[in-house]
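Note sheet for the following structure.
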Amino acid sequence: MIKYCSLILFFFLSQLLPAQTAPREKLKKNSIYLEFLGSAPLLYNLSYDRLWTSEGKLRFSTAIGLQYIFDTEIDGALKSDFSISPQVNLLYGKKHNLEIGIGAALPFGPNDIVFPLRIGYRFQKSEGGFFFKAAFTPIYFPGSNSLGMLFLPWAGVAAGYSF
């Protein structure tokens, strides 16, 4: 009888005792990067990206980018273009990701709003550090543009740091 009571007591107490577990890997959710071409209709895009959810291999992120460029007009006057580009992305993978997304380039001037799409590769380690991505990013022009097309074939690369 004591043997069975001891066994039952051991069973119940063992459920209450914490076991050693491996430390859970902390996902670095923030990234800052410089993108050339890509989601910016101008030459570069300085962006901040935030991973919001991570369910297995599926991740969701948002990003905000800034572009600023100087240009000279025919009469020699200096003008500048400045825009902001919010983006949403869906990622599939752990360290090597398929990235699909859409954004907008919101100019602070008389230019039209454009919508860059994204499908590409993204390298981002869970523990942070070096960040890289390359993508095909066709830009959709909802109105008429000087090129006479609705989609401009476009691509870009980005490098930065995750923390």
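The values are calculated or read from the model by the stated rules, or taken from the named source; none is laboratory data. Nothing here was measured: the structure is a model prediction, and the numbers come from that model. Cβ sites come from the backbone with ideal geometry, for glycine too, and all protein chains shown count toward neighbours.
Considering only residues that are farther than 13 Å from residue 103 by Cα and of a type in the set (Gly, Ala, Ser), look in region 25-66 and name the one that is modelled with the lowest pLDDT. It would help to see each step written out before you state the result.
Step one: filter region 25-66 for residues farther than 13 Å from residue 103 by Cα, giving 25-37, 42-44, 46, 48, 50-60.
Adding the requirement that they be of a type in the set (Gly, Ala, Ser) leaves 31, 54, 56.
On the way: 31: 97, 54: 83, 56: 87.
Result: 54.
Please enumerate the residues belonging to region 126-138 that are surrounded by 15 or more Cβ atoms within 10 Å (Cβ to Cβ) and either in a loop (DSSP other than H, G, I, E, B) or at pLDDT below 90 (or both). Before you say what the answer is, go through the steps one by one.
Restricting attention to region 126-138, the residues satisfying the condition of being surrounded by 15 or more Cβ atoms within 10 Å (Cβ to Cβ) are 126, 128, 131, 133-135, 137-138.
Answer for region 126-138, where residues must be surrounded by 15 or more Cβ atoms within 10 Å (Cβ to Cβ) and either in a loop (DSSP other than H, G, I, E, B) or at pLDDT below 90 (or both): 126, 128, 137, 138.
Could you go through region 7-18 and let me know if any residue there is at pLDDT 85 or above and of a type outside the set (S, T, N, Q). Break it down stepwise before answering.
In the first step, residues of region 7-18 are kept if they are at pLDDT 85 or above; the result is none.
The answer is no, given that none of the residues of region 7-18 is at pLDDT 85 or above and of a type outside the set (S, T, N, Q).
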